[in-house]
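These notes concern the structure reproduced below.
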Amino acid sequence: MQYFRWAFVFTAIGLVGAFWLGWLFSGTLAGGLSFLLIGSVLAVLEISLSFDNAIVNANKLKEMTPVWQHRFLTWGIIIAVFGMRIIFPLLIVVVAAHIGPWQALKLAALNPAEYASIIGEAHLSIAAFGGAFLMMVGLKYFFDEGKDVHWIATLERTMSKFSSVQGIELAIVLAVVMVFASVMPEAEVATFLYAAVAGLLTFLLVEVLGHLLDASQQVIGSAARGGLGAFLYLEVLDASFSFDGVIGAFALTQNLFLIAIGLGIGAMYVRSMTIMLVERNTLAEFRYLEHGAFWSILILSGIMFCQTLWHIPEVVTGLLGAGFIGLALLSSIRYRRNGGASGEDA
């Protein structure tokens, strides 16, 4: 429980803030309690959607120097909480409504219904971008020649076998994009394709930038080697994970400040889980946990693509992701009980 100490403190402060915000907006006890309840639900929603994020973060943090680990767990989390949960929704409104940041902030405070409507109109672009980016993240993990541990054995071995085919992950994502574009209303195709290609380019640029920053000590020096590129990768990855939570939050409330409180609480638990996974080396103890997280990422990417055509409740996303991670955890426990001698792969 020591890992969650600051998360508990932030939860207490956040829930008090949510109650005060409800009292401020409604002037009634019922309004304050309503905001308190919604803030709690948002926090649980963010935790359920982001557990796989914590596992992936922990896996990447193992490769980083202690200095960059500390920077991500401090500055990186601050960027995640305030950048994605407050600034990102504001930027959507700034771009979509062609207004300034201050006007967007006033719109969120004084006319939350219109603010939520503008956010909703941007959902297609956000889902296409996030779906393409996360699908590349998931496929890159499984299409890896060096991957010698397999959970869903037949499928993962096959994917690993075809990893020598250059650009296969990109081809798969482009094929998925083309399928969805072919059944999408014609008026939305251009927006969808533009956002999906932007997601692919962002992934590729982060990969290239990471290699340039981390490849040689001559470029950036030994202190930052293995750190800055991974830091940028994790920030973009966290942003992609946050898309569904931020958009889904508007189904519960249109109040930007309450959304920031609820999702911010959830983000603190993700940070605590990440630290625990790194320091206790939990990923090494539970052999298939990481596999479950990356299958969860692929499912999330597929759901985000499907959301460009249909509404899929966030609870479905959370349950599917948690289900795969839970099954991976059970498989890991069974492997340990068997001593790793038999039944290695599911």
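The values are calculated or read from the model by the stated rules, or taken from the named source; none is laboratory data. Computed from a predicted model, the values in this text were never measured in an experiment. Glycine also receives a Cβ, built like all others from the backbone with ideal geometry; neighbour counts cover every protein chain displayed.
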Do you know which of the residues in the range 96-134 that are more than 22 Å from L24 (Cβ to Cβ) and free of Cβ contacts under 8 Å to residues at least 24 places away in the same chain is surrounded by the fewest Cβ atoms within 10 Å (Cβ to Cβ)? H98
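Residues to consider are A18, A7, A43; find the one that is modelled with pLDDT of 80 or more, under 16 Å from I275 (Cβ atoms) and touching a Phe, Trp or Tyr at 6+ places or on another chain (Cβ under 8 Å).
On the way: A18 fails: under 16 Å from I275 (Cβ atoms); A43 fails: under 16 Å from I275 (Cβ atoms).
Just a single option satisfies the conditions, and that option is A7.
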Residues of the range 253-279 being farther than 27 Å from E156 by Cα and more than 17 Å from the chain's Cα centre (by Cα), which ones? T253, Q254, N255, L256, F257, L258, I261, M276, E279
Residues being at pLDDT below 80 and over 30 Å from V189 (Cβ atoms) - total across the range 308-324: 2
Residues satisfying the stated conditions in the range 14-46, i.e. within 24 Å of the chain's Cα centre (by Cα) and not charged (D, E, K, R): G14, L15, A18, L37, I38, G39, S40, V41, L42, A43, V44, L45
Evaluation of I299 against (1) surrounded by fewer than 21 Cβ atoms within 10 Å (Cβ to Cβ); (2) at pLDDT 80 or above; (3) more than 13 Å from the chain's Cα centre (by Cα); (4) in a helix (DSSP H, G or I) (one fails), failing number: (3)
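Of all residues in the range 159-202, how many are of a type outside the set (A, V, I, L, M, F, W, C), assigned to a helix (DSSP H, G or I) and surrounded by fewer than 12 Cβ atoms within 10 Å (Cβ to Cβ)?
Looking only at the range 159-202, we keep the residues that are of a type outside the set (A, V, I, L, M, F, W, C), and these are 160-161, 163-164, 166-167, 169, 182, 185-186, 188, 191, 194, 199, 202.
Remaining after also requiring assigned to a helix (DSSP H, G or I): 160-161, 163-164, 169, 182, 186, 188, 191, 194, 199, 202.
Subsequent filtering for residues that are surrounded by fewer than 12 Cβ atoms within 10 Å (Cβ to Cβ) retains 161, 164, 182, 186.
Qualifying residue count, the range 159-202: 4.
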When the range 75-131 is checked residue by residue, the ones that are closer than 30 Å to V173 by Cα, charged (D, E, K, R) and over 16 Å from the mean Cα position of the chain (by Cα) are E121
